[in-house]
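Here's the structure we're looking at; comments come further down.
The values are calculated or read from the model by the stated rules, or taken from the named source; none is laboratory data. All values derive from a computational prediction rather than experimental measurement. Reconstructed Cβ throughout: ideal geometry from the backbone, glycine too, with neighbour counts over all protein chains shown. Just the protein is used for accessible areas: all its heavy atoms, side chains included, with ligands, DNA and RNA removed. Shrake-Rupley method; radii C 1.70, N 1.55, O 1.52, S 1.80 Å.
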Amino acid sequence: MRNTIAITLAVLWSFGTNLAQAHAFLDHAEPRVGSTVQNAPRGLSLSFTQELEPAFSTVEVRDTNGTRVDQGKARISGNAMRVGLKPLAPGTYKVQWHALSVDTHTTEGSFSFQVGH
């Protein structure tokens with residue numbers, strides 16, 4: 001009986017960790033999440049824990065007025081998403097991303113960074 005319980009728990013634990021790994025979560029970003037950079041970046045780079053589906057993964061960067069400051073459609077390769085940025089003035093910028101992993105799971109999120117201050 002104990003062996004059956006132990007095996008069942010091991011299988012359930014394994015299944016749960018596989019589900020958690022099946023989503024493209026943000027691993028790191030440049031500029032970093034919540035960071036303050038002295039010089040305005042020329043681009044934004046996001047790295048995810050899974051490969052992305054380019055046709056359905058997006059990122060937008062906006063200033064405090066809600067104006068988009070990214071240069072449009074992101075370039076996606078593997079698990080990386082990159083987008084150029086227009087010249088940024090000192091201030092706070094919000095990044096919103098939507099990622100579809102190649103196994104069809106979606107995730108989304110947002111963070112901010114500051115320039116100058």
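Summary of computed values
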| read-out | value |
| --- | --- |
| Residue in the range 23-49 that is most open to solvent (accessible area, probe 1.4 Å), counting only those that are touching an Asp or Glu at 6+ places or on another chain (Cβ under 7 Å) and within 15 Å of residue 105 (Cβ to Cβ) | 49 |
| Tally, over the range 87-106, of residues that are part of a loop (DSSP other than H, G, I, E, B) and either in contact with a Lys or Arg (Cβ under 6 Å, 6 or more places away or on another chain) or open to solvent by less than 90 Å² (accessible area, probe 1.4 Å) (or both) | 5 |
| Sole residue being modelled with pLDDT of 95 or more, in contact with a Ser or Thr (Cβ under 6 Å, 6 or more places away or on another chain) and not small (Gly, Ala, Ser), chosen from 70, 27 | 27 |
| The range 66-82 - residue that is assigned to a loop (DSSP other than H, G, I, E, B) and of a type in the set (S, T, N, Q) and, of those, most open to solvent (accessible area, probe 1.4 Å) | 71 |
| Some residue of the range 54-65 being open to solvent by 60 Å² or more (accessible area, probe 1.4 Å), modelled with pLDDT of 95 or more and assigned to a loop (DSSP other than H, G, I, E, B) | yes |
| In the range 107-117, residue surrounded by the fewest Cβ atoms within 10 Å (Cβ to Cβ) [restricted to those that are touching a residue at least 60 places away in the same chain (Cβ under 8 Å) and more than 20 Å from residue 38 (Cβ to Cβ)] | 109 |
